[in-house]
Amino acid sequence: MTKLIFLGCLSRSKYGETCDNAIKIIKFLDEDYQTLDNPLCCGALAHQIAPKEEIIDYVKLVNNWLKKNNVTHLVTICAGCYNYLTRYYPEYLGKEFKVDVMHLLQLLNKPENLEKLNLKYDGKKLKIYYHDACHLRNAKPPIIEEPREIINSIEGNIVFGEMENNRLNSLCCGAGGGVYSTYKENSDFSSKLIFNQMRMSKALLTACPFCYTSFIRIKTENNIKTPVIKFEDFIVKLMEGVDPINV
């Protein structure tokens with residue numbers, strides 16, 4: 001095995017349907033990608049609290065697991081995993097880390113894959129916004145234009161709107177870094193600001209499971225009507241020709 005679908009702990013534990021959709025998309029584009037039973041956590045959350053020597057030991061453990069399974073290519077749907085694997089694994093392991101890591105958005109945005117997907121939307125005018133997650137815009141390399149190019153490639157009556165704060169200037173959702181656990185009011189305020197910037201939008205797209213979790217909580221607690229959709233679910237619904245915002 002050389003190509004791994006790495007779903008991430010949060011998505012695997014809470015968002016099974018999204019994981020199934022991600023696998024469906026990835027294998028449609030490249031059937032050589034596979035999942036593994038009992039995958040290890042990338043270690044991103046421990047990075048916030050553990051001593052550096054323990055972090056490095058764990059990163060080495062994961063790297064050995066990847067080597068044992070002959071993984072040379074990895075695509076993940078988790079913004080946190082992508083950021084950690086591309087930023088800190090090379091920093092801690094140097095040339096010992098030889099896995100080519102991609103986020104699903106990068107895989108989708110390859111010209112040959114956009115052509116193969118041939119996404120279309122035949123419904124009524126649909127205005128959507130995309131939120132730039134911190135883990136993606138701050139990653140190495142950052143993922144900023146890819147989701148916009150994917151959305152703009154969709155044939156039909158979809159209008160893409162930009163928030164006042166976008167790309168490198170986007171607002172944090174308030175879910176990461178222990179903010180929600182320690183400063184819930186600040187976290188809530190940040191998420192509400194994001195919803196407030198969506199002028200006449202019919203849907204909010206996110207490619208980060210942490211952001212999605214935060215948005216859904218705020219949406220429920222404040223009776224916000226705007227649908228929040230994970231990117232994988234949005235793409236699969238377009239592939240299947242069904243209403244992409246019927247959540």
Rounded to the nearest Å, the spacing of the alpha-carbon centers of region 35-105 and region 194-247 is 28
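How big is D, in µm² s⁻¹, for the chain by Stokes-Einstein at 20 °C and 1.002 mPa s if Rh is the Kirkwood radius over C-alpha pairs?
It comes out at roughly 115 µm²/s.
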Based on the Cβ-Cβ distance of Ile49 and Leu114, what FRET efficiency does E = 1/(1 + (r/R0)^6) give at R0 = 51 Å, to the nearest 0.05? 0.80
Tell me the Rg and the Dmax, in Å, that the Cα atoms of region 4-93 produce. 13.3, 41
Grab the DSSP H runs of the chain that are 4 residues or longer, score each as -39,500 (n - 2.57), total them, divide by all residues and round the 222 nm result to the nearest 500 deg cm²/dmol. -13500 deg cm²/dmol
Kirkwood Rh, angstrom, region 116-240 [1 / mean 1/r, Cα pairs]: 15.0
Calculate one ³J(HN,Hα) per residue across region 156-168 by plugging θ = phi - 60° into the Karplus curve 6.51 cos²θ - 1.76 cosθ + 1.60, and present them in order as whole Hz with x for glycine and proline. x, 9, 9, 10, 9, x, 9, 6, 4, 9, 9, 6, 5
What's the tally of Lys pairs in region 3-108 whose alpha-carbon atoms lie under 15 angstrom apart, where the two lysines are 8 or more places apart or on different chains? 12
Extension gain, Lys68 back to Lys192 (0.36 nm per residue minus Cα-Cα distance, nm): 40.2 nm
Angle in degrees between helix 79-93 and the longest Cα principal axis of the chain, rounded to the nearest 10: 30
The FRET efficiency for Asp100 and Thr226, from their Cβ-Cβ distance with R0 = 35 Å and rounded to 0.05, is 0.45
Order 14-26, 129-141, 47-59, 149-161 from most to least packed using the mean count of other Cβ atoms within 10 Å. 129-141, 14-26, 149-161, 47-59
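No lab work stands behind these numbers, since they all come straight from the coordinates. What you are looking at is a predicted structure, and each value in this text was computed from that prediction instead of being measured. So basically every Cβ, Gly included, is an ideal-geometry build from the backbone, and we count neighbours across all protein chains shown.
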